[in-house]
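**Student:** Dumping the structure here so I can ask a few things about it.
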Amino acid sequence: MAEVRIPIARSPLQGLVGPIGGPYEAGVALAELRFQGKLNLRGNPEDAAFGSAVARAVGAGPPAPGKVATAGGRAMLWLGPDEWLVITPPGDEAAVKAALDAALAALRASATDVSDNYTAVRVSGRSARWVLAKGWPVDLHPSAFGPGRVAQSNLALCNVILRQTDDHGGQPAFELLVRPSFARYLWDWLVDASLEVGCRVEAG
């Protein structure tokens, strides 16, 4: 019998690092968030049965436009009028998909595993907004975009889903989702854009 080799999961950013810019405290920290589960969810937000089914399976109902719902380490990002992205901790995606499939079985709705479609990068620190604003056209001022908000646009010429996860004492944190083929380019752009304020790399 031929030997069966199971491929080892590998991140497109594996082995990449970034410099520490300047002899001062870094204004930005970068980290790759490896192997998150990601499920594309489609359904009718006006259907109460759909909302209830999603809440039972995920722990939170579909959020309103531009918003993020969170529950038990999971997050649900609004992507469009009838589309959301469910993010799970690594290894949790199969169980969440099975729960969604069961809950949505009688509805015109679907859940598709798209975990391999995105690479996730966290950008945090006192200068995070300033660095992202160099290539991001959507207003990131705290009065317009804060924790629990999400938007899609082009950052440095590549399509990105961006959400703010928190902000502790002027230290905001953002999560960027990008196609794996653009991940290295975006990482290098972020490192370069952070050189003026200092950049350090953290474990995801």
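**Student:** Mind listing whichever residues of the stretch 79-125 are acidic (Asp, Glu) and free of Cβ contacts under 8 Å to residues at least 40 places away in the same chain?
**Tutor:** Answer for the stretch 79-125, where residues must be acidic (Asp, Glu) and free of Cβ contacts under 8 Å to residues at least 40 places away in the same chain: just ASP101.
**Student:** Exactly one condition in (1) part of a helix (DSSP H, G or I); (2) farther than 30 Å from HIS168 by Cβ; (3) hydrophobic (A, V, I, L, M, F, W, C) is not met by TRP130; state its number.
**Tutor:** (2)
**Student:** Anything in the stretch 97-117 that is within 14 Å of ASN40 (Cβ to Cβ) and either buried (at least 22 other Cβ atoms within 10 Å of the Cβ) or not hydrophobic (A, V, I, L, M, F, W, C) (or both)? List them, or say none.
**Tutor:** LYS97, LEU100, ASP101, SER110, ALA111, THR112, ASP113, SER115, ASP116, ASN117
**Student:** Continuing with the same structure: How about the stretch 113-147: which of its residues are in contact with a helix residue (DSSP H, G or I) (Cβ under 8 Å, 6 or more places away or on another chain) and of a type in the set (Val, Ile, Thr)?
**Tutor:** Residues satisfying the conditions are THR119, VAL121, VAL123, VAL131.
**Student:** Follow-up question, since we're still on this one. Can you go through VAL178, VAL138 and tell me which one is closer than 20 Å to ARG34 by Cβ and of a type in the set (Val, Ile, Thr)? Write out each step before concluding.
**Tutor:** Details: VAL138 fails: closer than 20 Å to ARG34 by Cβ.
Unique residue meeting the criteria: VAL178.
**Student:** Give me the strands (runs of 3 or more DSSP E) completely within the stretch 26-89, filtered to those with at least 2 residues that are more than 11 Å from the chain's Cα centre (by Cα) and modelled with pLDDT under 95, ordered by residue number.
**Tutor:** 28-33
**Student:** Being among the basic types (Lys, Arg), closer than 16 Å to LEU177 by Cβ and in contact with a Leu (Cβ under 6 Å, 6 or more places away or on another chain) is the requirement here; does ARG129 meet it? Walk me through it before giving the result.
**Tutor:** Working: among the basic types (Lys, Arg): yes; closer than 16 Å to LEU177 by Cβ: no; in contact with a Leu (Cβ under 6 Å, 6 or more places away or on another chain): yes.
Criteria not met by ARG129.
Here is a yes/no grid of residues against (1) closer than 19 Å to VAL121 by Cα; (2) buried (at least 20 other Cβ atoms within 10 Å of the Cβ); (3) in contact with an Asp or Glu (Cβ under 9 Å, 6 or more places away or on another chain); (4) not aliphatic (A, V, I, L, M):
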| position | (1), (2), (3), (4) |
| --- | --- |
| VAL28 | yes, yes, no, no |
| ALA31 | yes, no, yes, no |
| GLN36 | yes, yes, yes, yes |
| ALA49 | no, no, no, no |
| SER52 | no, no, no, yes |
| GLY59 | no, no, no, yes |
| GLY73 | yes, no, yes, yes |
| TRP78 | yes, yes, no, yes |
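**Student:** Can you tell me which residue among ASP192, ASP166, ASP188 is part of a strand (DSSP E or B) and at pLDDT below 95?
**Tutor:** Sole residue among the options that is part of a strand (DSSP E or B) and at pLDDT below 95: ASP166.
**Student:** Find the residue count for the stretch 132-187, including only residues that are touching a Ser or Thr at 6+ places or on another chain (Cβ under 6 Å) and either surrounded by 14 or more Cβ atoms within 10 Å (Cβ to Cβ) or in the same structural domain as LYS67 (by TED's automatic domain parsing) (or both).
**Tutor:** Going through the stretch 132-187 one residue at a time, the tally reaches 5.
The values are calculated or read from the model by the stated rules, or taken from the named source; none is laboratory data. Here the structure is a predicted model, which means the values were calculated and not measured. So basically every Cβ, Gly included, is an ideal-geometry build from the backbone, and we count neighbours across all protein chains shown.
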